[in-house]
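Accompanying notes for the structure given below.
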Amino acid sequence: MALLAQDSAVPCALVALTVFRAPAWACLICFTSYKERTRICQIFAGIQGPELQKCQEAFSSAFADLADIEINYDDRSHLHDAFTQMTHSLQEIAAAQGSFNVAFPDAAEKMRKVIMKLKGGFQDVARRFLCYGCYSKACNFPLDCPVQDLTVTRGQQAKFSCTVNFQLPKEEITYSWKFAGGGLRTQDQSYFRDIPRAQGYLARIRPVQPTHSGTFSCSILHDQRPVARLYFFLNVTSAPPRGEIELQVSFRKVLRWAPKETETLEPWRPSLGELLARPEALTPGNQCLLAALAAVASASATLMVWVFFRWYFKGN
């Protein structure tokens with residue numbers, strides 16, 4: 001753990017933590033010295049007296065919301081420069097006999113905006129810096145993502161997408177692709193070799209061959225520093241027999257040739273039973289018509305039987 005502010009030795013920082021309740025100061029303690037903070041309040045309120053204590057309390061209260069700020073480790077120097085400019089500005093306001101009750105909240109709000117820009121919103125390479133306690137810690141996100149499995153038939157296309165589920169910067173992002181062949185499934189970087197022609201977040205292999213079986217690695221870089229590494233294990237399976245392929249081709253041709261069924265409206269042609277089943281069918285007139293039809297049918301049948309027997313006995 002290293003304090004970054006100029007003239008901020010460890011004993012002075014510990015004294016400040018005790019006297020001024022430094023958890024509320026946090027970033028202010030890390031990036032300014034005790035001497036600088038005391039000098040600002042002395043210019044505002046005098047070298048000693050109750051006004052000096054009020055100034056120190058107002059200083060602490062103004063920066064209370066910056067206690068738990070967490071930034072990328074490499075942004076420490078930028079934040080230190082911002083706090084240095086802030087102290088010079090406060091000294092100028094104090095020399096001009098301004099009010100610390102107005103100057104401190106304004107300065108804290110400006111620093112908040114600076115910090116929000118530095119936080120970035122994407123995964124840092126290895127460490128993060130915490131204002132509370134002025135120390136760094138390991139990044140919460142792992143650099144190496146789990147291996148993703150992809151099975152592709154020989155002769156087909158394999159497609160890899162090097163994307164992550166957290167926000168990346170819009171600029172200075174590059175992608176580096178590597179390959180570990182021989183059907184090896186690994187995340188050990190010593191087995192990988194560079195693929196110089198692969199660029200961008202998408203990579204394709206077409207047609208896939210058995211020699212492509214193995215692990216592909218994609219590194220996402222921001223300003224030439226790794227942000228995340230993704231791994232894809234490609235399993236290449238054998239193509240189906242030639243006869244089966246020809247059968248599938250013929251089947252597809254038949255499917256493409258078959259005419260598409262279209263919906264058509266056909267007129268309704270009810271049967272005699274459907275007509276008789278309707279409530280309005282058995283009216284007196286229809287009943288007389290049915291009786292006549294039955295008599296005609298019976299007479300026709302009797303006539304046909306008489307003609308048949310006459311022809312039969314005449315022939316004998």
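Protein chains only, probe 1.4 Å: how do THR32, THR174 rank by accessible area, largest first? Before the final figure, lay out the partial values.
Details: THR32 0, THR174 55 Å².
Correct descending sequence by accessible area is THR174, THR32.
Keeping every protein chain in place, order TYR73, TYR201, TYR231, TYR191 by accessible area at 1.4 Å, biggest value first, i.e. largest first.
Details: TYR73 50, TYR201 105, TYR231 0, TYR191 135 Å².
Highest to lowest solvent-accessible surface, that is TYR191, TYR201, TYR73, TYR231.
With all protein chains present and a 1.4 Å probe, how do LEU289, LEU168, LEU234 order by accessible area, largest first? Show your work: numbers first, answer last.
Numbers: LEU289 100, LEU168 45, LEU234 0 Å².
Most to least solvent-accessible, the answer reads LEU289, LEU168, LEU234.
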Would you kindly compute the Cα radius of gyration of region 144-237 and its largest Cα-Cα separation (Dmax), both in Å? 13.1, 39
For region 144-237, percent of DSSP beta bridges that are antiparallel (nearest 5) comes out at 75
When the accessible area of region 144-237 is computed with all protein chains present and a 1.4 Å probe, what percentage of it is carbon and sulfur? 45
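Can you check what the net charge comes to around THR87, using other residues whose Cβ is under 9 Å from the Cβ of THR87 (Lys, Arg +1; Asp, Glu -1)? Show your work: numbers first, answer last.
Values: positive: ARG37, ARG39; negative: GLU36.
Cβ neighbours under 9 Å give a net charge of +1.
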So, over other residues within a Cβ distance under 14 Å of VAL152, counting Lys, Arg +1 and Asp, Glu -1, the net charge is +3
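The values are calculated or read from the model by the stated rules, or taken from the named source; none is laboratory data. Predicted model only: the values in this text are computed from it and were never measured. Cβ atoms come from the backbone with ideal geometry, glycine included; neighbour counts cover every protein chain shown. Calculation scope for accessible area: heavy atoms of the full protein, side chains included, ligands and nucleic acids excluded. Shrake-Rupley method; radii C 1.70, N 1.55, O 1.52, S 1.80 Å.
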